[in-house]
Structures are given as structure tokens and as C-alpha cells.
Amino acid sequence: MEIQKQLKRDFLTTLLSQGKRADERGKMDYRTTKVQKGVLQNSEGSALCNLGKTQVLCGIKFDIATPFPDRPKEGVLATGAEFTPLGSHLFEPGPPSVESIELARVVDRGVRSSNAVDLQSFFLEEGKVLALYLDLYVLDHDGNLFDAATLAAMGALQNCIMPKVEGGKIIRNENKGSLPLATSCVSCTFAKVDAYHLLDPTLDEEKGMDGRLTIATTPKHMCAAQKSGWAGYTQKDIMELVDISFAKGDELRRHLQ
Amino acid sequence: MGGSGPKPKLLNSDGSRLDGRKLEEMRPITIEARVLNDADGSCLLTWGRNKVLVGVYGPRECIPRHDQSPYRALIKCRYNMAPFCSLEEHNRSGPSRRSKELSKVISEAFENVIIAEAYPKTQIDVYIEVLQSDGGTRCAALTAAAVALADAGIPMKDLPVAIAVGKIEGKLAVDLFKDEDNFGESDNPIAFAPRNWEVLLYQADGLLTRDEVEQGLELAKEAAKKVHEVQVEALKRVYEKPHPPSVPLATGMFQ
């Protein structure tokens, strides 16, 4: 695997020194992006995001749960990510991999800290709150799962209904209108190869990269960030990428409308 | 059967079923093959409200090595339900006892038709994800898996197809949906090899008389013929194009 990584990296840097990417995109271009909302009917909200060949499905279910002891008046938001083995020859059935845990946690941080969902409104009665389960299903992995998953999650939330609760139980098939959202959160992921930064890396680019930075934003704030890989980032690098994330964020939000 | 609470009526006064179907009528089925990019073969099937996605990988190296056979490929089907698939509560991810059993019987059905001797020391992975469930998911799963295997170019003697028959309010009915499955008297999923109508998967719960078993097989066979046509059509669509472009999932399927 090491040799493969080195070869992919050499290939990327050679191309980049000529100002090119393998799929002829600019360094700060997204692949064809599409968000389809409401693709499932049994779940309370759903969306499918296509980012080039990457496909991530998000389904939302509501349940009744006990609140966390330190936040007795707040509802529960739980995010899960499944690298379903049909999505890639690299995925295997079994317990969640570190990568899938990282994906779920980064998406969760973005959605949670954006305050898009008002968890206070999920309070039902003492010891009883609504729980929103947001599950991400990676159906095709061609790189940049973070941005595709965040788009799918946001699409599903925008498509989500508020469940009707009666006698401490959710009445399925009935609802109280759509889930109110205060804002929307999108993320931009940059792969670092040598001194270059590439927006929306493909799987081949991720295999050859030295590091990766994900910046999640609302229109006004940065709401989550994650660096992975061994590469170091200068302050200037980070600030440039944050600026680009705000600009590209507006572009991504258009796909959510 | 597994239903709790008061048993609702399952037939309308005019003898039709709750969703308006006749007893021998199936829900609408659509099948689209080659919907995933990385998988060697894939299929998205909608059957009423059921939505099943299948990806096939292989034949590829058998892992763990001590599982491998020097004579044949191992067929490893994995039936799994998405946490958000049901109308009811959120499911925990990971295999349940039920999904392990279904994975086993589906794998065994395919052992009958796949020419596994052609690929010794390998495995063929068939990953089945139930994205939305509404009764009859194992039949939908097997039907979709057959199309995905054929799409992957795995040599098979036949293209298996499955359908459930059951009993509601004392009458045999084809293709039970969830409420009929939960509150009906019997559920009897059956898979066939259409070339000779051998039964490749057979399960039943609830009570059936000998005659009902016989009629059930016949009803299932007639319905399976129609499902088989949809399978063949889906495969023709992808094989008639010489090199089909990889398409985004579900053009028009996820409506």
C-alpha cells in the first residue's frame, strides 16, 4: 500500500506542477453536485447527495428517549455513519471503522454547533425528550465523504417532518409540519498534496494526499473543522481555506434549495 | 403472527385488501441494474414501499484464508436493514439474529445456481441493504441480488426470483405488505429457479393446511413469472448498451 500511495502522490504532484488535475477540474472546483430530497417515505426525513461518483444517503428517524443527565431539558441528536460494504471494495462488514466514526462525528459537530436544529424544542416532559437519529449511508465512495455527507444530512433535515406525539408515543404517519431550521451548515474539504490544496478530492487524490482540512460553515460562522493526515498547515493556509469555504459554502447552499 | 394489540381487519367489505389490491395481485415492482459505481454489479429494486439496494463484489480473494475452498467460490450474501428503513422506531445498525438467518438462506439459494466451481479459492460478496421496508423484504432482497449478480457477470444457471404468499382472514394472498404480514395468519416466502421451477428458498410461519401449501406454491409461481420478466427487462436495458456510463443512483427510482 505504501508504494501505491507514493505513486499516486507522484502522479498528483506532476500534474499539479502543470496546473492540472486528473479530471481536468480547477483546484477549487467541485464535481457535479446534486442533492435529492425526500427519497424515502418511511423515514421522517431523507436525502441523497451525489458528488461526482460519490453517493451518500441520509435517513432521519425520530424516537422518544431519556435526555442526557447534564442536559435534562434538551432533546437528543445522534449521528451515525455506515460505510456499507456495497459502497466500495475498501469497505468491509463489521464494527464501525475509525474513518466512519470520524465522518459521523465531524458531520455531527457541524450540524450541532450550527444550531440549525433547536434541541430545546424537543423537550416533551420531565425525563422524556425527542431523539433525532441522523444516519449516513455511504453508497459509493469516490472521495470527499465529509462534504457529501454534510450535504445529505442538511438535505434530509430540510426535508424532515416534526413527529406528532400523543400519550408519550410517536404517532407514525402523522406529523406537525416540517422541522424548523435556524440556518444551514455545509462543509468544504481540501486535500493537501505537497504545497497544493485541492477542493473536493476524489478517492485517488485522497489516497495520494498528505493531509486534509474540512471547514464547515453557516453563512456567518465557521461551525466545525477537522484536520487529518500528517501534513502541517500554516496560519496563512488555514485562513485562505476558511475564506474559500465561506465563498464555496454559498455555492453549495444553492444545491440545497 | 408477530402483531401486537387488537387485530385489525385485513380485507375490505368488497373483498379487496387494505391497499386496494386483489388477493392474487402484486404491488408494483421496478428494477434498475448498474446503479453503483464501484461495485462489480448492482441493483436498486422498489417493490411497493420496499427499497432494496444490492452491490456485488467478486469473485475476489477469499478472506479469511482458512474459509476458502480449493474447489469453488464461496457465496457470501449479507442482508442488512438500514437504521432508518422502517416506519416504526429507529433500528440499531449491525446484524440481528433475523438478518443473519436471512443472509444464510439467501446465500444457500444462490449456491444452487452460481457456477462456483469456475472460481476456486475466491469469494463472491453480495451486499444487500434494505433502505426501506414494508413486508416481503427477503423476497425483494433475493430478487434484487439475482439481478446484481447477473450484472456483475457472475455465471449462473438461472436467475432466481422470490415472492411471498400468505394467509389473511382465511384466504391465500400474494405478496403481503407489512400489516398483512404482522396480523395475517401465515407468511410463506418462496424463491424459484424459473428454468425448472425448483424451489430455492422456502420458509413459512403461521398455520396452513396441506391444500393451502399446495395452492400457495402455485400462486407464488404464477406471480414469480411476472417478477422474473421485470428482472430480465432490467438486465436487457444495461446489457444492450455496450459500455453503460455509470449513472447516479436512482434516476427516477427514488420518487
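The values are calculated or read from the model by the stated rules, or taken from the named source; none is laboratory data. Owing to the predicted nature of the structure, the values given are computational and were not obtained by experimental measurement. Quick reminder, even Gly has a Cβ in these numbers, built from the backbone with ideal geometry, and neighbours come from all protein chains shown.
Can you tell me how many residues in region B:118-149 are in a helix (DSSP H, G or I) and either within 30 Å of A:ASP135 (Cβ to Cβ) or among the hydroxyl-bearing types (Ser, Thr, Tyr) (or both)?
Going through region B:118-149, the residues in a helix (DSSP H, G or I) turn out to be B:118, B:137-149.
Narrowing further to those that are either within 30 Å of A:ASP135 (Cβ to Cβ) or among the hydroxyl-bearing types (Ser, Thr, Tyr) (or both): B:137-149.
Number of matching residues: 13.
For region A:16-33, check the following and say yes or no: at least one residue is part of a strand (DSSP E or B), in contact with a helix residue (DSSP H, G or I) (Cβ under 8 Å, 6 or more places away or on another chain) and more than 10 Å from chain B (Cβ to nearest Cβ).
Within region A:16-33 (the criterion being part of a strand (DSSP E or B), in contact with a helix residue (DSSP H, G or I) (Cβ under 8 Å, 6 or more places away or on another chain) and more than 10 Å from chain B (Cβ to nearest Cβ)), the answer is yes, since at least one residue qualifies.
For every residue, the table says whether it meets (1) at pLDDT below 95; (2) buried (at least 19 other Cβ atoms within 10 Å of the Cβ); (3) within 23 Å of the chain's Cα centre (by Cα).
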{"position": "A:GLN4", "(1), (2), (3)": "yes, no, no"}
{"position": "A:LEU15", "(1), (2), (3)": "no, no, no"}
{"position": "A:GLU44", "(1), (2), (3)": "no, yes, yes"}
{"position": "A:THR79", "(1), (2), (3)": "no, yes, yes"}
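Looking only at region B:193-233, which residues are buried (at least 19 other Cβ atoms within 10 Å of the Cβ) and at pLDDT below 95?
Hit for region B:193-233 is B:LEU208, nothing else.
Considering every residue within region B:87-108, establish whether at least one is away from chain A (no Cβ under 12 Å), over 18 Å from B:VAL52 (Cβ atoms), touching a residue at least 12 places away in the same chain (Cβ under 8 Å) and surrounded by fewer than 24 Cβ atoms within 10 Å (Cβ to Cβ). Steps first, please.
Residues of region B:87-108 that are away from chain A (no Cβ under 12 Å), as a first pass: B:96-98, B:101-102, B:104-108.
Narrowing the set further to residues that are over 18 Å from B:VAL52 (Cβ atoms) leaves B:97, B:108.
Now drop any that are not touching a residue at least 12 places away in the same chain (Cβ under 8 Å), which leaves B:108.
Those still in the list that are surrounded by fewer than 24 Cβ atoms within 10 Å (Cβ to Cβ) too: B:108.
Yes: region B:87-108 contains one or more residues that are away from chain A (no Cβ under 12 Å), over 18 Å from B:VAL52 (Cβ atoms), touching a residue at least 12 places away in the same chain (Cβ under 8 Å) and surrounded by fewer than 24 Cβ atoms within 10 Å (Cβ to Cβ).
Quick one: which residue in A:GLU74, A:GLU92, A:GLU99 is closer than 30 Å to B:ARG34 by Cβ and away from chain B (no Cβ under 14 Å)? Spell out the reasoning first.
Working: A:GLU74 fails: closer than 30 Å to B:ARG34 by Cβ; A:GLU92 fails: away from chain B (no Cβ under 14 Å).
Within the list A:GLU74, A:GLU92, A:GLU99, the selection yields A:GLU99.
What number of residues within region A:52-72 satisfy the criterion of being among the basic types (Lys, Arg) and either surrounded by 21 or more Cβ atoms within 10 Å (Cβ to Cβ) or free of Cβ contacts under 8 Å to residues at least 60 places away in the same chain (or both)? It would help to see each step written out before you state the result.
At the first step, the residues of region A:52-72 found to be among the basic types (Lys, Arg) are A:53, A:61, A:71.
Narrowing further to those that are either surrounded by 21 or more Cβ atoms within 10 Å (Cβ to Cβ) or free of Cβ contacts under 8 Å to residues at least 60 places away in the same chain (or both): A:61, A:71.
Matching residues across region A:52-72 total 2.
Among the candidates A:LEU40, A:LEU86, which residue alone is part of a helix (DSSP H, G or I) and either within 14 Å of chain B (Cβ to nearest Cβ) or at pLDDT below 95 (or both)? Full working, then the answer.
Working: A:LEU40 fails: part of a helix (DSSP H, G or I).
Answer to the selection: A:LEU86.
Could you please let me know if A:LYS37 is among the basic types (Lys, Arg) and touching a Pro at 6+ places or on another chain (Cβ under 8 Å)? Spell out how you get there, then give the answer.
On the way: among the basic types (Lys, Arg): yes; touching a Pro at 6+ places or on another chain (Cβ under 8 Å): no.
Judged against the criteria, A:LYS37 is not a match.
Tally time: how many residues in region B:144-163 are in contact with a Lys or Arg (Cβ under 8 Å, 6 or more places away or on another chain) and crowded, with 24+ Cβ neighbours inside 10 Å? Don't jump to the end; show me each part of the working.
Looking only at region B:144-163, we keep the residues that are in contact with a Lys or Arg (Cβ under 8 Å, 6 or more places away or on another chain), and these are B:151, B:157-158, B:162.
Within this subset, residues satisfying the condition of being crowded, with 24+ Cβ neighbours inside 10 Å are B:151, B:162.
The total comes to 2.
Counting only residues that are among the charged types (D, E, K, R) and in contact (Cβ under 8 Å) with a residue 12 or more places away in the chain, which one in region B:61-70 is farthest from the other protein chains (Cβ to nearest Cβ)?
As a first pass, look at region B:61-70 and keep what is among the charged types (D, E, K, R): B:61, B:65, B:67.
When the remaining residues are screened for being in contact (Cβ under 8 Å) with a residue 12 or more places away in the chain, the result is B:61, B:67.
Working: B:GLU61: 11, B:ASP67: 14 Å.
Step by step, filter region B:61-70, then rank; the result is B:ASP67.
Here's the yes/no breakdown for (1) free of Cβ contacts under 8 Å to residues at least 12 places away in the same chain; (2) out of contact with any Leu (no Cβ under 9 Å at 6 or more places or on another chain); (3) in a loop (DSSP other than H, G, I, E, B):
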| position | (1), (2), (3) |
| --- | --- |
| A:GLU74 | no, no, yes |
| A:LEU90 | no, no, yes |
| A:PRO93 | yes, yes, yes |
| A:PRO96 | no, yes, yes |
| A:ILE101 | no, yes, no |
| A:ARG105 | no, yes, no |
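Restricted to region A:24-33, and to residues that are charged (D, E, K, R) and at pLDDT 95 or above, which residue is nearest to the chain's Cα centre (by Cα)?
To start, the set of residues in region A:24-33 that are charged (D, E, K, R) comprises A:24-25, A:27, A:29, A:31.
Subsequent filtering for residues that are at pLDDT 95 or above retains A:25, A:27, A:29, A:31.
On the way: A:ARG25: 22, A:LYS27: 21, A:ASP29: 18, A:ARG31: 16 Å.
Result: A:ARG31.
Regarding region B:184-205, can at least one residue be identified that is assigned to a helix (DSSP H, G or I), within 25 Å of B:LYS22 (Cα to Cα), over 13 Å from the mean Cα position of the chain (by Cα) and of a type in the set (S, T, N, Q)?
No, region B:184-205 contains no residue that is assigned to a helix (DSSP H, G or I), within 25 Å of B:LYS22 (Cα to Cα), over 13 Å from the mean Cα position of the chain (by Cα) and of a type in the set (S, T, N, Q).
Of the numbered conditions (1) at the interface with chain A (Cβ under 8 Å from one of its Cβ atoms); (2) more than 24 Å from A:ASP140 (Cα to Cα); (3) in contact (Cβ under 8 Å) with a residue 12 or more places away in the chain, B:ALA82 satisfies every one except a single condition; which is it?
(2)
So which residues in region B:49-60 are at the interface with another protein chain (Cβ under 10 Å from one of its Cβ atoms) and buried (at least 24 other Cβ atoms within 10 Å of the Cβ)? Spell out the reasoning first.
At the first step, the residues of region B:49-60 found to be at the interface with another protein chain (Cβ under 10 Å from one of its Cβ atoms) are B:49-51, B:53-58, B:60.
Within region B:49-60, B:ASN50, B:LYS51, B:LEU53, B:VAL54, B:GLY55, B:VAL56 qualify.
Looking at region B:137-182, which of its residues are basic (Lys, Arg) and more than 22 Å from B:PRO59 (Cα to Cα)?
First, the residues of region B:137-182 that are basic (Lys, Arg): B:138, B:157, B:167, B:171, B:178.
Of everything in region B:137-182, those that are basic (Lys, Arg) and more than 22 Å from B:PRO59 (Cα to Cα) turn out to be B:ARG138, B:LYS167, B:LYS171, B:LYS178.
Considering only region A:130-161, state which residues are among the β-branched types (Val, Ile, Thr) and either away from chain B (no Cβ under 14 Å) or within 14 Å of the chain's Cα centre (by Cα) (or both). Explain how you work it out, then say what you get.
Initially, region A:130-161 is screened for residues among the β-branched types (Val, Ile, Thr), giving A:138, A:150, A:161.
Of everything in region A:130-161, those that are among the β-branched types (Val, Ile, Thr) and either away from chain B (no Cβ under 14 Å) or within 14 Å of the chain's Cα centre (by Cα) (or both) turn out to be A:VAL138, A:THR150.
Show the residue pairs that are 6+ apart or on different chains and have beta-carbon atoms under 9 Å apart, the first residue being within region A:111-124 and more than 15 Å from A:ALA78 (Cβ to Cβ) and assigned to a loop (DSSP other than H, G, I, E, B), the second being among the β-branched types (Val, Ile, Thr) and at pLDDT 95 or above.
If the second residue must be among the β-branched types (Val, Ile, Thr) and at pLDDT 95 or above, the pairs left are A:SER114/A:THR183; A:SER114/A:THR217; A:SER114/A:THR218; A:ASN115/A:THR183; A:ASN115/A:THR218; A:ALA116/A:THR183; A:ALA116/A:THR218.
When the residues of region A:43-55 are narrowed to those that are in a loop (DSSP other than H, G, I, E, B) and more than 19 Å from A:ALA191 (Cα to Cα), which ends up farthest from the other protein chains (Cβ to nearest Cβ)?
Let us first name the residues in region A:43-55 that are in a loop (DSSP other than H, G, I, E, B), namely A:43-44, A:52-53.
From the residues that got through so far, the ones that are more than 19 Å from A:ALA191 (Cα to Cα) too are A:43-44.
Working: A:SER43: 4, A:GLU44: 8 Å.
So the residue we want is A:GLU44.
I need the strands (runs of 3 or more DSSP E) fully contained in region A:133-197, keeping only those with at least 3 residues that are surrounded by 24 or more Cβ atoms within 10 Å (Cβ to Cβ).
Working: elements: A:161-166, A:169-178, A:186-193.
Qualifying strands (runs of 3 or more DSSP E): A:186-193.
Could you please give the count of residues in region B:39-48 that are at the interface with chain A (Cβ under 7 Å from one of its Cβ atoms) and farther than 11 Å from B:ALA152 by Cα?
Residues meeting the conditions: 0.
Which pairs turn up if I take residues in region B:111-131 that are within 14 Å of chain A (Cβ to nearest Cβ) and look for partners that are of a type in the set (S, T, N, Q) and part of a strand (DSSP E or B) with beta carbon separation below 8 Å, at least 6 apart in sequence or on another chain?
B:TYR127/B:ASN80; B:ILE128/B:ASN80; B:GLU129/B:ASN80; B:VAL130/B:ASN50; B:VAL130/B:ASN80
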